[in-house]
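These notes concern the structure reproduced below.
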Amino acid sequence: MAGTLYVVATPIGNLQDMTPRAAATFGSVDFIAAEDTRVTLKLLNHLGLKKPMVSYYEHNAAERGTMIIDRILAGESCAVCSDAGMPCISDPGELLVKDAHAAGITVVPVPAASASATALAVSGQATGRWCFEGFLPMNKNQRRERLAELQDERRTMIFYEAPHKLNATLADLAAAFGGQRSISICRELTKLHEEIFKTTLEEAVRRYQENPPKGEFCLVVAGAEPKAAEEKTLTLQDAVQLVFGLIEEGKAPSAACKEAARLTGRTKGELYTAYLAAKEEEEK
């Protein structure tokens, strides 16, 4: 009978954030697939545990992944973890989970801290709708192309960044989104030198030009404001489609018509009547 793959979250900095369930899972499995066995060994020592480990990271994922799946199919249970936070998010563990599902292996989450969700919660930015962009491409042109794709993104955006690339990334964010776009910078979350502050991209660029960045960063960037550039140029049909889009985002029909009226220059009553007619036509 096949074993189980446990996806186990580890602390994003402070070891006291290790959950009892995660510790118990490490203690119960046959082996651990770790991003860096040296990092995980420190955690196991902190927990007073000894457990066989195999390294599983980007450059050996194909080879080790097959071996890990074979061991689980043979009856062993495995806990996969990253160096910090929830594994398999923007890391090679996602391939292991995909292969486990393909092989019919049971996958069990053991969740805890996630740097992205933690940063969002303390960012002061809108939290109702957000997207995780992880690390931007290292290639300058590819990075700018990605940011160009996000210029009209209205959801709050979350990025990870290393200190040696932070200045270039902030400059590119400011160029893509404008210097007055709001950003919350979360540095070394849960660690001794934790720092969380909200500012503008322009001010963030200036700050780290004057003070070389240190530590790991999570950047929470406000989404774009709705465009008002199409005032009175939209057809009534286009304006009604805008109403439907706002409703899909969670607004009540009346509020959606009021917002669309502000953006298009049409009256709320006109849009509400047209919306009801379009909705009735859809339902036929």
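Take LYS214 and tell me if it is modelled with pLDDT of 90 or more, in the same structural domain as HIS164 (by TED's automatic domain parsing) and touching a Pro at 6+ places or on another chain (Cβ under 6 Å). Judged against the criteria, LYS214 is a match. Here is the figure for the range 133-145: residues that are surrounded by fewer than 16 Cβ atoms within 10 Å (Cβ to Cβ) and on the phi < 0 side of the Ramachandran plot total 9. Cβ-Cβ distances below 6 Å connect the following pairs, each with a first residue in the range 251-266 that is of a type in the set (Asp, Glu), a second residue that is at pLDDT 90 or above, and a separation of six or more residues or different chains: GLU259/LEU246. For the range 255-276, a tally of residues being within 23 Å of ARG129 (Cβ to Cβ) and more than 32 Å from the chain's Cα centre (by Cα) returns 4. Is it fair to say GLY250 is closer than 25 Å to THR156 by Cα and either outside any helix (DSSP H, G or I) or assigned by TED's automatic domain parsing to the domain that holds GLY128 (or both)? Against the criterion (closer than 25 Å to THR156 by Cα and either outside any helix (DSSP H, G or I) or assigned by TED's automatic domain parsing to the domain that holds GLY128 (or both)), GLY250 qualifies.
Here's the yes/no breakdown for (1) on the phi > 0 side of the Ramachandran plot; (2) in contact with a Ser or Thr (Cβ under 8 Å, 6 or more places away or on another chain); (3) outside the structural domain of HIS164 (by TED's automatic domain parsing):
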{"site": "GLN180", "(1), (2), (3)": "no, yes, no"}
{"site": "THR199", "(1), (2), (3)": "no, yes, no"}
{"site": "GLU210", "(1), (2), (3)": "no, no, no"}
{"site": "LEU276", "(1), (2), (3)": "no, no, yes"}
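What are the residues in the range 80-124 that are modelled with pLDDT of 95 or more and part of a strand (DSSP E or B), if any? Selection gives VAL80, CYS81, THR106, VAL107, VAL108, PRO109, VAL110.
For GLU161, indicate whether it is in the same structural domain as GLY134 (by TED's automatic domain parsing) and touching a residue at least 12 places away in the same chain (Cβ under 8 Å). Here the answer is yes, as GLU161 does meet what is asked. Whenever a residue of the range 76-96 is farther than 18 Å from LEU43 by Cβ, its partners that are part of a helix (DSSP H, G or I) and of a type in the set (Gly, Ala, Ser), lying with C-beta atoms within less than 7 angstrom and at least six residues away or across chains, give the pairs PRO92/ALA61; LEU95/ALA61; LEU95/GLY65; LEU96/GLY65. Screening ASN60 on (1) free of Cβ contacts under 8 Å to residues at least 40 places away in the same chain; (2) over 26 Å from ALA74 (Cβ atoms) shows it passes everything except condition (2).
For the range 116-123, state whether one or more residues are free of Cβ contacts under 8 Å to residues at least 40 places away in the same chain and either out of contact with any helix residue (DSSP H, G or I) (no Cβ under 6 Å at 6 or more places or on another chain) or assigned by TED's automatic domain parsing to the domain that holds CYS186 (or both). Checked against the condition, which is being free of Cβ contacts under 8 Å to residues at least 40 places away in the same chain and either out of contact with any helix residue (DSSP H, G or I) (no Cβ under 6 Å at 6 or more places or on another chain) or assigned by TED's automatic domain parsing to the domain that holds CYS186 (or both), the range 116-123 yields at least one hit. LEU41 meets all of the listed conditions (1) buried (at least 18 other Cβ atoms within 10 Å of the Cβ); (2) modelled with pLDDT of 95 or more; (3) of a type in the set (A, V, I, L, M, F, W, C) but one, namely (1).
The values are calculated or read from the model by the stated rules, or taken from the named source; none is laboratory data. Here the structure is a predicted model, which is why all the values come from computation and not from measurement. All Cβ positions, even for glycine, are placed from backbone atoms using ideal geometry, and neighbour counts span all protein chains on display.
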